[in-house]
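The values are calculated or read from the model by the stated rules, or taken from the named source; none is laboratory data. Since this is a predicted model, take the numbers as computed values, not measurements. Ideal geometry is used to build each Cβ from the backbone, glycine not excepted, and the neighbour counts take in all protein chains shown. Just the protein is used for accessible areas: all its heavy atoms, side chains included, with ligands, DNA and RNA removed. Shrake-Rupley method; radii C 1.70, N 1.55, O 1.52, S 1.80 Å.
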Amino acid sequence: MTWDTQSIKAFLLHEARLLDERRFDDWLSLFTDDGWYCVPIEPDQDNPLDTVSLISDDRRLLEPRIRRLATPG
């Protein structure tokens, strides 16, 4: 698949919709086994391995996080 600007925009909107609708399993299915989710602590952080991040999870760590979000209480 070729990722042009329109494709990227559509993907990000789809991802946001899944999260807004609390469809966390569908959101998680977007990640490949080697996918990485990072929320940097610094605005211009280039590499999550160089600086502390708020979240820096691979798919294995995302799965329990998603389970907690999906469980009420």
Stretch gain in nm, segment R59-I41, where the contour uses 0.36 nm per residue and the Cα spacing is subtracted | 4.5 nm
Taking the highest mean first, how do the peptides 27-33, 43-49 order by number of other beta carbon atoms within 10 angstrom per residue?
-> 27-33, 43-49
Helix-only [θ] at 222 nm, the chain, -39500 (n - 2.57) per DSSP H run of 4+, per residue, nearest 500, equals -13500 deg cm²/dmol
Around R22, what is the net charge, scoring Lys/Arg as +1 and Asp/Glu as -1 over all other residues with Cβ under 14 Å from its Cβ?
-> 0
Taking the chain and dividing mean pair separation by its residue count, relative contact order in percent (alpha carbons under 8 Å, at least six apart) | 28
Accessible area expressed per residue, the chain, with surrounding protein chains retained (probe 1.4 Å, Å²) | 80
